[in-house]
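Written below as structure tokens is the structure these notes are about.
The values are calculated or read from the model by the stated rules, or taken from the named source; none is laboratory data. Please read all numbers here as calculations on a predicted model, not as lab measurements. No Cβ is skipped: glycine too gets one built from the backbone with ideal geometry, and neighbour counts run over all protein chains shown. The accessibility values were calculated without ligands, DNA or RNA, using every heavy atom of the protein model including side chains. Shrake-Rupley method; radii C 1.70, N 1.55, O 1.52, S 1.80 Å.
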Amino acid sequence: MLVTTLCWAQTDSLISIELNQYAKDERFDKFQLTLALFMVKGDTIMTLDYEGTRKAKPVIIKRAEGYKDYAYGYLFFNGLNNRENPGYVTVLVCNPYHKHPHLFLDLNHNNDFTDDPRHTLPYFEEKGLSFEIANEQFPEGRISVLLTRSSLFGQKYEFKKYMDEYYEMSYPGRIFVGSEYTYREQKYIARVGLVKIERESFKIALLDANTNGIYNEPEIDKIVYVNTNDTILDATNPLNFTLFAKQGEPTYFEKNGRLYKVIEADKAGKFIKIRLSNDAVELNRIKVGKKVPKIKFTLARGEKLKLNKFRRKEIYIYFGSRNSKNFKSDTLMLRQIAALDTNNLKVIMVLYVNKSYELRIYNTDAKPNYALAYGTKELSRKMGIGSVPQTLYLGKRRRVKQYGLKPEEFIRNYYKE
């Protein structure tokens, strides 16, 4: 388990967080990327054809001596100026059919594997091989790669045959080593730390979205922020990340109802400096007085609820997850709000869960007196929701009145209007 760095801060101070650990993003365990290997013919390998977009050509290499067989492949990394295979590192695997083959990475892309470091690859159930790759122009910027032996035990013969035929068909003229002698390729492209402000804490990370070892590129790389007990950095969920703004423009993000301004993000991903902000930033929110889209909610039992159905009522929508800040106290308040004025006010809670059945379980346990709806990424985008907990108060005909009105504030203010 990764150990993150704590950063304590007062609400009016600059918050500097060390990001001295790699962390998994949502793709790390989900994607099955294979480092495919092909036999070296004499001293010649073939360049990538990029799925037929460019013609593959032969390249003469210098091999390490003392091995019976040699295989080669390509590892994705955008931080090297490899003219023959842009965006990839050429690798040489010596004795690929042995229990512990040796791996060489041509990091200086000179096609000479005798001047590169040697690594020992793992057998099937052994611990994977980890190593870093540095950006050629900025050596401080790195990612970490984990290679484990492809495990096909228990797989049907037809599946193995399909994989072998796929590579032989996709790379004509090359001899594929066989799916059982390939390696699973996983990359750490995020660096994480832990920030704590008064009674609040959350994880924050920089994510190298284009895998080049640089972590602060405008409109490319991401700042990811998740709850303290989350083990995965989901950089696909708009509630958990923001892109770096355009060059020269400030970057903001919202977490637990608070707005933060990014003061500095290290190019190598080693630290980030942020500050709480009172700036007037919309963060893709719908402007006050404008209508929200004609949303259709999916409720706990699968039925649909059209927002337009309540055009003659005001609507208070609470967006949250069971791990979000103050969830228990907020939901108690929601019950009170839902009972305030049933003729003129509709209350909806949008709950973000990993699986739809979790929503049904919560509905059974909590027995809410408000509508309980399933939270999705698309719903977040359409409603201008960038973090949870969050609220949206709508007037009649779906017009925005206010974002961020907390449940206890809503109760105090409702009858004052």
Just to be sure I understand, how many residues within the stretch 395-409 are open to solvent by 40 Å² or more (accessible area, probe 1.4 Å) and either closer than 19 Å to Gly320 by Cα or within 34 Å of the chain's Cα centre (by Cα) (or both)? 6
If Tyr22 passes every condition in (1) part of a strand (DSSP E or B); (2) surrounded by fewer than 19 Cβ atoms within 10 Å (Cβ to Cβ) but one, which one does it miss? (2)
Residue list for the stretch 84-110, filter: open to solvent by 20 Å² or more (accessible area, probe 1.4 Å) and part of a strand (DSSP E or B): Tyr88, His102
Among the residues of the stretch 231-248, is there at least one that is open to solvent by 50 Å² or more (accessible area, probe 1.4 Å), under 19 Å from Leu19 (Cα atoms), of a type in the set (A, V, I, L, M, F, W, C) and assigned to a strand (DSSP E or B)? yes
Could we say that Ala300 is touching a Ser or Thr at 6+ places or on another chain (Cβ under 7 Å) and more than 24 Å from Phe202 (Cα to Cα) here? no
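Just give me the residues in the stretch 74-83 being free of Cβ contacts under 8 Å to residues at least 60 places away in the same chain and crowded, with 16+ Cβ neighbours inside 10 Å, in sequence order.
Tyr74, Leu80, Asn82 - these are the residues of the stretch 74-83 that are free of Cβ contacts under 8 Å to residues at least 60 places away in the same chain and crowded, with 16+ Cβ neighbours inside 10 Å.
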If I filter the stretch 292-313 for residues that are out of contact with any strand residue (DSSP E or B) (no Cβ under 8 Å at 6 or more places or on another chain), closer than 26 Å to Thr242 by Cα and open to solvent by 30 Å² or more (accessible area, probe 1.4 Å), do I get at least one hit? yes
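Just to check your reading of the model, which residue among Val93, Val89 is over 29 Å from the mean Cα position of the chain (by Cα) and among the aliphatic types (A, V, I, L, M)?
Details: Val89 fails: over 29 Å from the mean Cα position of the chain (by Cα).
None of the others qualify; the one that does is Val93.
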Of all residues being surrounded by 11 or more Cβ atoms within 10 Å (Cβ to Cβ) and charged (D, E, K, R) in the stretch 31-56, which is nearest to the chain's Cα centre (by Cα)? Just the residue, please. Asp49
So Leu206 passes all but one of these: (1) open to solvent by 10 Å² or more (accessible area, probe 1.4 Å); (2) more than 22 Å from Phe319 (Cβ to Cβ); (3) assigned to a strand (DSSP E or B); (4) in contact (Cβ under 8 Å) with a residue 12 or more places away in the chain. Which condition number does it fail? (1)
Given the conditions (1) assigned to a helix (DSSP H, G or I); (2) charged (D, E, K, R); (3) open to solvent by less than 40 Å² (accessible area, probe 1.4 Å), and given that Asp341 satisfies all but one, which numbered condition is not satisfied? (1)
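Condition check ((1) part of a helix (DSSP H, G or I); (2) out of contact with any Lys or Arg (no Cβ under 6 Å at 6 or more places or on another chain); (3) farther than 26 Å from Glu200 by Cα; (4) open to solvent by 50 Å² or more (accessible area, probe 1.4 Å)) across all residues:
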{"site": "Ile315", "(1), (2), (3), (4)": "no, no, yes, no"}
{"site": "Ser324", "(1), (2), (3), (4)": "no, yes, no, no"}
{"site": "Leu334", "(1), (2), (3), (4)": "yes, yes, no, no"}
{"site": "Pro368", "(1), (2), (3), (4)": "no, yes, yes, no"}
{"site": "Ala373", "(1), (2), (3), (4)": "no, yes, yes, no"}
{"site": "Tyr393", "(1), (2), (3), (4)": "no, no, no, no"}
{"site": "Ile411", "(1), (2), (3), (4)": "yes, yes, no, no"}
Got at least one residue in the stretch 129-136 being open to solvent by 40 Å² or more (accessible area, probe 1.4 Å), among the polar types (S, T, N, Q) and either within 17 Å of Leu35 (Cα to Cα) or in a strand (DSSP E or B) (or both)? yes
Which condition from (1) in contact with a Pro (Cβ under 8 Å, 6 or more places away or on another chain); (2) under 23 Å from Met46 (Cα atoms); (3) of a type outside the set (Ser, Thr, Tyr) is the one that Asp116 breaks? (1)
If we ask which residues in the stretch 188-203 are in a loop (DSSP other than H, G, I, E, B) and either of a type in the set (S, T, N, Q) or without any contact (Cβ under 8 Å) to a residue 40 or more places away in the chain (or both), their number turns out to be 1
Would you mind stating whether Tyr67 is surrounded by 14 or more Cβ atoms within 10 Å (Cβ to Cβ), part of a loop (DSSP other than H, G, I, E, B) and at pLDDT 95 or above? yes
Test result for Lys346, charged (D, E, K, R), in contact with a strand residue (DSSP E or B) (Cβ under 8 Å, 6 or more places away or on another chain) and closer than 30 Å to Asp230 by Cα: no
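Residue by residue, here is whether (1) charged (D, E, K, R); (2) not in a loop (DSSP other than H, G, I, E, B) holds:
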position: Glu140; (1), (2): yes, no
position: Ile143; (1), (2): no, yes
position: Glu158; (1), (2): yes, yes
position: Lys161; (1), (2): yes, yes
position: Asp164; (1), (2): yes, yes
position: Glu180; (1), (2): yes, yes
